[in-house]
Amino acid sequence: ANKPFEDIMKAADYLIARGLVDENRMAAAGGSYGGYMVSWIAGHTGRFAALVNHAGVYDLHLQFASDYSGNRGAQYGGTPWENYDRLNSQNPSQFAHNFKSPMMVIHGERDYRVPINHGLLVYGIYKAMGLDARLVYFPDENHWVLTPQNSIFWYNELFNWFNRYLND
C-alpha cells in the first residue's frame with residue numbers, strides 16, 4: 001500500500017502545482033482495491049476534504065471470509081497465524097487512529113468478494129470516533145451496483161457527498 005499511496009500523493013502534488021486542483025477541495029474515491037486505498041489514505045493523511053469507499057477492503061483479516069481466500073498469505077505477505085506483523089503493516093484497519101477526513105462508505109449485502117463487514121466496520125469506527133461518515137447500504141446488491149434504480153441512487157449519494165464537502 002505504501003507505493004500506490006506515494007503515487008497518489010505525488011499525483012495530487014503534481015496537479016496542485018500546476019493549478020489544476022484546489023488542495024483544499026480534493027476528494028479520493030475508489031471501489032474494491034480502490035476502496036482499500038481510500039481506507040489506507042484515511043489512515044495516512046488528512047489532505048482530502050472527502051473520501052468515498054465503495055466495497056473496499058478495510059481489514060485484511062476479514063478477507064479470509066470472502067468467497068475466495070486462496071493465496072491470501074502470498075498476496076498480503078502474511079496471515080493471521082504467521083508473518084502477522086507484515087500482514088498488519090499493510091492493513092488499513094491498523095491506522096484508524098489517524099482518521100480525519102469524512103468518509104462515505106458504500107457496500108452491498110451480497111458482496112462475497114469483499115464481505116459487507118468491511119464497510120460496516122470502517123463506518124462503525126468512524127462513528128465511534130465522532131467523525132463524519134455516511135453509510136449507503138444496498139441489501140440487494142453485490143460487489144457492483146447493477147440495478148438501474150440503485151445506480152441512480154448511488155450517483156445521487158455520491159454527488160451529494162462531494163457537494164457537501166467540495167463546494168465553497
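The values are calculated or read from the model by the stated rules, or taken from the named source; none is laboratory data. Everything numeric here is computed off the predicted structure, so don't read it as measured data. FYI the Cβ positions are ideal-geometry reconstructions off the backbone, even for glycines, and counts take in every protein chain you see. Just so you know, the surface numbers come from the protein's heavy atoms only, side chains and all, with ligands and any DNA or RNA stripped out. Shrake-Rupley method; radii C 1.70, N 1.55, O 1.52, S 1.80 Å.
Some points to look at:
- Per-selection metrics, the range 3-56 (Cα): Rg and Dmax in Å: 10.8, 32
- Given charges at beta-carbon only (K, R positive; D, E negative), |dipole| of the range 116-168 in Debye: 140 debye
- Value at 222 nm in deg cm²/dmol, rounded to 500, when DSSP H runs of n ≥ 4 in the chain each add -39,500 (n - 2.57): -13000 deg cm²/dmol
- For T45, residues with placed amide H under 5 Å, excluding near neighbours: none
- The packing ranking of peptides 58-67, 103-112, 76-85, highest mean first, is 103-112, 58-67, 76-85, where packing means the average number of other beta carbon atoms within 10 angstrom of each residue.
- Projected-area average for the range 1-94 over all orientations - Cα convex hull basis, square nanometres: 6.1 nm²
- Net charge in the neighbourhood of A12 (other residues with Cβ under 13 Å of its Cβ; Lys, Arg +1, Asp, Glu -1) is -1.
- Listed by chain and number, the aspartates and glutamates placed with their C-alpha closer than 14 angstrom to that of K10 are E23; residues fewer than eight positions away on the same chain are left out.
- For the chain, the share of accessible area belonging to carbon and sulfur comes to 52 percent (1.4 Å probe, ligands and nucleic acids excluded).
- Amide H contacts of H54: G30, G31, S32, G35, I106, each under 5 Å away and 5 or more positions distant or on a separate chain (H built 1.01 Å from N in the peptide plane; Pro and chain starts excluded).
- Surface per residue (accessible, 1.4 Å probe) for the range 105-168, Å²: 58 Å²
- Over the range 125-164, all Cα pairs binned in 10 Å intervals from 0 give whole-percent P(r) values of 25, 43, 30, 2, listed from short to long.
- For the chain, the relative contact order works out to 22 percent when only alpha carbon pairs closer than 8 Å and six or more residues apart are counted.
- Span per principal axis, largest first, for the Cα atoms of the chain (Å): 48, 38, 28
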